[in-house]
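Read through the structure below, which is laid out as C-alpha cells, and then see the notes.
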Amino acid sequence: MTTHTHHKLETDSPTLLPAAQQEAAAIVAALDARSTKHYTPCGTGHMVWRRWGSGTPVVLIHGGGGAWSHWIRNIDVLAKHHTVWAADTPGLGESDLPDPVSMDHICEIVQQGANILIPGGSVDVIGFSLGGPIATSLAASLGPRLRNLVLAASRYVSGFKRVYPDLVSWRKLQDPIERLAGHRRNLELMMIAHPENIDALAVYIQSVNTPRGRVYGKRINPGHKLLECLQHVRPQGRVTGICGRDDQAARSIMDQQEAALHAVQPNGRLHIVEHTGHWVQYEAAERFNELMLAALAEPR
C-alpha cells in the first residue's frame, strides 16, 4: 500500500491563484458545453459519455483518477476529423460505480456502452494509462470493426510492476491553496516530468478529477489485462504506442518497450517522446496530436 506523506508545499505559484484556477475552469467548461452527453448502463446508474465532431468515430478512455478532461488538449484536434466519444469510465468522473468493482466488469460495461452508442461501422480506440487495458479490451471486442488502437503511457513488458511514489495526502489539507499545492505536487510526482509544464489548467483538472475517483488502479489490478487482450487485437491499421521518455511509471523499462510491443503486435509501432512524463498527451500535446493523427490515418 502506498504511504501518503506530507511534503513542503510551495503555495505562491501563479498557477494556484484563484484567478488562474477560474480561467482554467472556464476552459474546461467551454469544451464541455460544446459536447453532447450520452448515458449507458453502469451498475445501478449510468456511464457518462461526451461527443464532439463528425467523421469516423474514435473512443477515448482516460487514465486513473481522471475523467474525460484528461484529453483536454486533444479533443478539438480530433474533432476536426472524427466523431469523438470521450468516456468517464465506471467509478470515475461523473460515471456511477460498477457492481462488482473489477477490471473485467469495467471492461464489459465500457464495451456495452460503446456498442450502444456506435452499433456499426469502423471505430478507432485510444487509451491512456489505466485506460490502456480498458481500451485494449474494447479494441479486441470490436473484431474487424477496429481501425486503429492507440495506447498512451502503456507498458508492454510482461511482469513489470509499477512503483507508486509517496503522494501528498491532499484530503488532509484544509486550506484551499495548500490543497491545490498538494495536487500540483502530485502531478510533479506522477504525471508531468518537468515542473515548468504544470500550469493552472493541469492543476485544476487534477483537483477536480481526483476527488471524484472511487475506483483505484491498484485495487482492480489492471496489470495483466492489457497484454492478455492485446494478443487478440486485429486492427485494420495497426497498434500504436506513444510514451514519454521520462514517464515515472515506466522509465526503467522504456528501452524494452518496443521489443515487448512487437512480441505481441509485430506490426505495432512505438513512439517515445523526449522530455515528457506520464501524461504525455498533455505535457507534449502538440507532438502527441501529430503522432495520434498519423496513427489514425491508418490504414492508408
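Using alpha carbons only, how many degrees (0 to 90, rounded to 10) separate the axis of helix 285-296 from the longest principal axis of the chain?
For helix 285-296, the angle is close to 10 degrees.
Looking only at GLN281, GLN22, GLN236, which one moves most when the chain is put into a Gaussian network model with springs between Cα atoms under 10 Å?
So, out of GLN281, GLN22, GLN236, the one fluctuating most is GLN22.
Where in the chain is the longest stretch that carries no GluC sites (Glu not before Pro) classed as loop by DSSP and with at most 13 other Cβ atoms within 10 Å?
Formally, the longest exposed-site-free interval is 11-273.
For the chain, with a Gaussian network of springs between Cα atoms less than 10 Å apart, report the residue from ILE177, ILE272, ILE134 with the top mean-square fluctuation.
ILE177
If you put +1 on each Lys and Arg Cβ and -1 on each Asp and Glu Cβ, how big is the dipole of segment 151-195 around its Cα centre, in Debye rounded to 20?
That gives segment 151-195 a dipole magnitude of about 200 debye.
Farthest toward the dipole's positive end in segment 1-156, which of VAL84, THR44, LEU146, given Cβ charges of +1 (Lys, Arg) and -1 (Asp, Glu) about the Cα centre?
Of the candidates, LEU146 comes out farthest on the positive side.
Over the chain, what is the percentage of antiparallel beta bridges among all DSSP beta bridges, to the nearest 5?
Roughly 35 percent of the DSSP beta bridges within the chain come out antiparallel.
Using only Cα atoms, what is the ratio of the radius of gyration of the chain to 2.2 N^0.38 Å?
Normalised Rg, Cα atoms only: 0.94.
How large is the helix-only mean residue ellipticity at 222 nm for the chain, computed as the sum of -39500 (n - 2.57) over DSSP H runs with n ≥ 4, divided by its residue count, in deg cm²/dmol to the nearest 500?
That comes out to -10000 deg cm²/dmol.
Tally Lys/Arg at +1 and Asp/Glu at -1 over every other residue whose Cβ is under 15 Å from the Cβ of TYR156; what's the total?
With Lys, Arg at +1 and Asp, Glu at -1, the net is +3.
May I ask for the net charge around VAL77, where only other residues with Cβ less than 15 Å from the Cβ of VAL77 are counted and Lys, Arg are +1 while Asp, Glu are -1?
So the environment of VAL77 carries a net charge of 0.
For segment 81-137, rounded, prolate or oblate, judged on the Cα gyration tensor with a ≥ b ≥ c (square roots of eigenvalues), a/c < 1.5 rounded, else prolate if a/b > b/c?
prolate
Just want the answer: with Cβ charges of +1 for Lys and Arg and -1 for Asp and Glu, which residue in VAL239, ALA250, HIS271 is farthest toward the dipole's positive end in segment 230-274?
VAL239
Rounded to two decimals, what ratio of Rg to Rh does segment 130-288 give with C-alpha atoms and a Kirkwood Rh?
Over the Cα atoms of segment 130-288, Rg/Rh equals 0.99.
For the chain, what is the charge dipole size about the Cα centre, in debye to the nearest 20, if Lys and Arg each add +1 at the Cβ and Asp and Glu each add -1 at the Cβ?
Magnitude of the dipole: close to 620 debye.
Which three semi-axes in whole Å describe the equivalent ellipsoid of segment 102-173, each the square root of 5 times a Cα gyration tensor eigenvalue, listed largest first?
29, 16, 11
Which of the listed residues, LEU173, ASN209, ILE198, is farthest toward the dipole's positive end in segment 145-214, when Lys, Arg count +1 and Asp, Glu count -1 at the beta-carbon?
Value computed over the given set: ASN209.
Values quoted throughout were computed directly from the atomic coordinates according to the rules given, and no laboratory measurement underlies them. Nothing here was measured: the structure is a model prediction, and the numbers come from that model. For neighbour counting, all protein chains shown are included, and Cβ atoms are generated from backbone atoms with ideal geometry for every residue, glycine included.
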